[in-house]
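Here is the structure we will look at.
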Amino acid sequence: MNDIENLKQFYEQKKDEIINRLQHFKNIYKLSDEHIFSELAFCLCTPQSNAKTCNAAITSLINSRLLYAGTAPEIANNLFGVRFHNNKSKYIVKAKEFFTKNEKINIKTQLNQFKNPITIREYLVKNIKGLGMKEASHFLRNIGLSENLAILDRHILKNLLKYNAITHIPKTITTTKYIEIETKLIKFSKKINIPPSHLDLLFWSNETGEIFK
């Protein structure tokens, strides 16, 4: 059995779990603007940091209400284990200010003005400091708005290389290069008949042993 057949077999084992997880993400968007913002804050924290550590830090900030009312130094002091916490706390505060209208976080109204995830991602990358293509894609996946978007982290890139969907992993990924690799992932997903959103979580599970967020 070759690598592709092994991947398909693994997908059959994980398919129901992946579908349930993606439905969970879709349900997130039905929640409050504050909850949606907390997902954005989580994704602002994840670069070069452990996802579970970031999630624990954001959960603590939610419980203390510092995520919504705290200053950058107050938030930084509570980003335990998150690398570059001083910069990331500033990004969180700036993002909160950007999405606050009439003293309330109003993120969904601003996202709803766009017709598709690609234009939402462009808007986020342009306006939210600290949010690149990968983090914006991650955020949109976590709120159920990421059809045909790829989260090109090291796990995904490693697997794309393994299955010959790409020929090499670039040292730096510009926006143009990101879209180019994303297009190759979508092409590969069609070839093996596994939806792109499923493939992302499948690779994550293959690398880490679990489906997280």
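The values are calculated or read from the model by the stated rules, or taken from the named source; none is laboratory data. Keep in mind that what you see is a predicted model, and the values were worked out from it rather than measured. All Cβ positions, even for glycine, are placed from backbone atoms using ideal geometry, and neighbour counts span all protein chains on display. To get the accessible areas, we keep the full protein, side chains included, count just its heavy atoms, and leave off ligands, DNA and RNA. Shrake-Rupley method; radii C 1.70, N 1.55, O 1.52, S 1.80 Å.
Side notes on the structure shown:
- Just so you know, in region 97-137 the residues that are open to solvent by 40 Å² or more (accessible area, probe 1.4 Å) and among the aliphatic types (A, V, I, L, M) include one that is farthest from S49 (Cα to Cα), and it is I118.
- When region 145-165 is limited to residues that are crowded, with 20+ Cβ neighbours inside 10 Å and more than 13 Å from the chain's Cα centre (by Cα), the one that is nearest to T46 (Cα to Cα) turns out to be L157.
- Some residue of region 40-49 being open to solvent by 40 Å² or more (accessible area, probe 1.4 Å) and over 20 Å from F212 (Cα atoms): no
- Scope region 90-114; condition basic (K, R) and either assigned to a helix (DSSP H, G or I) or in contact with a Cys (Cβ under 6 Å, 6 or more places away or on another chain) (or both); matching residues: K90, K94, K96, K108
- Condition met for A72 (of a type in the set (A, V, I, L, M), touching a residue at least 24 places away in the same chain (Cβ under 8 Å) and either within 30 Å of H198 (Cα to Cα) or open to solvent by less than 80 Å² (accessible area, probe 1.4 Å) (or both)): no
- Scanning region 178-197 for residues that are within 23 Å of G132 (Cα to Cα), open to solvent by less than 40 Å² (accessible area, probe 1.4 Å) and among the hydrophobic types (A, V, I, L, M, F, W, C) turns up I181, L185, I186.
- You will find that of N6, N87, the residue that is within 23 Å of Y123 (Cβ to Cβ), open to solvent by 40 Å² or more (accessible area, probe 1.4 Å) and assigned to a helix (DSSP H, G or I) is N87 and no other.
- Taken over region 154-198, the residue count meeting the criterion of being assigned to a helix (DSSP H, G or I) and in contact (Cβ under 8 Å) with a residue 60 or more places away in the chain is 4.
- Counting the residues of region 24-37 that are of a type outside the set (A, V, I, L, M), in a helix (DSSP H, G or I), under 24 Å from P195 (Cβ atoms) and in contact (Cβ under 8 Å) with a residue 40 or more places away in the chain gives 3.
- Within region 115-131, being part of a loop (DSSP other than H, G, I, E, B), free of Cβ contacts under 8 Å to residues at least 60 places away in the same chain and closer than 21 Å to S38 by Cβ holds for one residue alone: K129.
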